[in-house]
């Protein structure tokens, strides 16, 4: 047993601040070693204590599909990947139906996702109708293109509790987005009183430990409502497909190490994109069901998104108690 790893995990359990250098040490451990399982066990303890043993299931409704101008290589909407040559926009009735279905199924929050093609004014108009159809206490979370302070306030006024916004792996290199624009959007959202969730994603085998550490420490510094880890799934024909994908064991190891870096201050820890039976054992307590478009799927109406029931079952089988009713993390503070 590596004494250094044991010292770092004990430090995290005791509430100590894990440094970037210490996180790098945790990530350097072989994902099938005894130390890796120690990291994951410690992460589960920290995660459970931070969230009072509770987990949440969110549901995301994809509102449109088609060639997105941001051209993120890991996304099925990227023109470079040639998956969706034509735009398809779901109707208001379809979006409301999907959202209500998720609410009835027990989703703790409803995410409404749109590509950068979706005009902000149209997004507000549609989502206000969704807000009116949902129960008043069901939180809505926006997953959309970058926006400014005025637009952040408009989202808040429209009834959104928060946003999901991420500084992705390879941002500005494999995406058409300036990383600083992502930072400005997150700052604008927080100024408007919106809660912000993020994950270190989408991680592939080609990503360095240094970049994982950088993105994790960015999330910690921004004091977001939840963190997490997501692996990149393979989009056939993508320039990134040659790298393959992480195994579930590798993903679980990163989930655990990043959770220890986040500590007790961030109660939510996402662990999606496959092998969730492993990642929820390693400290993940947030999962997503998806309907409509999905940037990781090549079908306009996703077949890999999963259901609320399937995500709740995974969390139940891995020992989590699941929040009933509105999200604790995205509820008013």
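The values are calculated or read from the model by the stated rules, or taken from the named source; none is laboratory data. Everything quoted here is computed from the prediction, not taken from an experiment. Heads up, the Cβs are rebuilt from the backbone with ideal geometry, glycines too, and the neighbour counts pull from every protein chain shown.
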Tell me whether the stretch 115-126 contains one or more residues that are modelled with pLDDT of 95 or more, touching a helix residue (DSSP H, G or I) at 6+ places or on another chain (Cβ under 8 Å) and outside any helix (DSSP H, G or I). no
Please determine, by comparing only the residues of the stretch 74-109 that are assigned to a loop (DSSP other than H, G, I, E, B) and exposed (fewer than 15 other Cβ atoms within 10 Å of the Cβ), which one is modelled with the highest pLDDT. 91
In the set 131, 168, 182, which member is at pLDDT 95 or above and more than 24 Å from residue 72 (Cβ to Cβ)? 131
What pairs can you find where one residue is in the stretch 42-63 and at negative phi and surrounded by fewer than 19 Cβ atoms within 10 Å (Cβ to Cβ), the other is modelled with pLDDT under 95 and in a loop (DSSP other than H, G, I, E, B), and their Cβ atoms are less than 7 Å apart, with a gap of 6+ or different chains? none
What number of residues in the stretch 222-232 are surrounded by 19 or more Cβ atoms within 10 Å (Cβ to Cβ) and in a loop (DSSP other than H, G, I, E, B)? 3
Output for the stretch 234-268, where each listed residue is modelled with pLDDT of 95 or more and on the phi > 0 side of the Ramachandran plot: 244, 263
Which of the residues belonging to the stretch 40-62 are touching a helix residue (DSSP H, G or I) at 6+ places or on another chain (Cβ under 7 Å) and not in a helix (DSSP H, G or I)? 55, 57, 59, 61
When you go through 196, 213 one by one, which is the residue that is part of a strand (DSSP E or B) and surrounded by 18 or more Cβ atoms within 10 Å (Cβ to Cβ)? 196
May I ask you to list pairs of residues, at least six apart or on different chains, whose Cβ atoms are under 8 Å apart, with the first in the stretch 311-324 being without any contact (Cβ under 8 Å) to a residue 24 or more places away in the chain and the second being surrounded by 14 or more Cβ atoms within 10 Å (Cβ to Cβ) and in a helix (DSSP H, G or I)? none
Please specify each residue of the stretch 241-275 satisfying the condition of being touching a helix residue (DSSP H, G or I) at 6+ places or on another chain (Cβ under 7 Å), surrounded by fewer than 24 Cβ atoms within 10 Å (Cβ to Cβ), without any contact (Cβ under 8 Å) to a residue 60 or more places away in the chain and in a helix (DSSP H, G or I). 248
Inside the stretch 131-168, can you point out the residues that are touching a helix residue (DSSP H, G or I) at 6+ places or on another chain (Cβ under 6 Å) and touching a residue at least 60 places away in the same chain (Cβ under 8 Å)? 138
Enumeration of residues in the stretch 305-333 that are assigned to a helix (DSSP H, G or I), in contact with a helix residue (DSSP H, G or I) (Cβ under 7 Å, 6 or more places away or on another chain) and surrounded by 13 or more Cβ atoms within 10 Å (Cβ to Cβ): 308, 314
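Could you please give the count of residues in the stretch 6-15 that are assigned to a loop (DSSP other than H, G, I, E, B) and free of Cβ contacts under 8 Å to residues at least 24 places away in the same chain? Quick ask: steps written out before the conclusion?
So the first thing to find is which residues in the stretch 6-15 are assigned to a loop (DSSP other than H, G, I, E, B), and the list is 14-15.
Checking the rest, the ones that are also free of Cβ contacts under 8 Å to residues at least 24 places away in the same chain come to 14.
Residues flagged as assigned to a loop (DSSP other than H, G, I, E, B) and free of Cβ contacts under 8 Å to residues at least 24 places away in the same chain within the stretch 6-15 amount to 1.
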Could you grab me the full set of residues in the stretch 17-33 that are in contact with a helix residue (DSSP H, G or I) (Cβ under 8 Å, 6 or more places away or on another chain), surrounded by 14 or more Cβ atoms within 10 Å (Cβ to Cβ) and not in a helix (DSSP H, G or I)? 18, 29, 31
Evaluation of residue 236 against (1) in contact (Cβ under 8 Å) with a residue 60 or more places away in the chain; (2) assigned to a loop (DSSP other than H, G, I, E, B); (3) surrounded by 19 or more Cβ atoms within 10 Å (Cβ to Cβ) (one fails), failing number: (3)
Mind checking whether some residue in the stretch 44-52 is at pLDDT 95 or above, farther than 18 Å from residue 229 by Cα and touching a strand residue (DSSP E or B) at 6+ places or on another chain (Cβ under 6 Å)? no
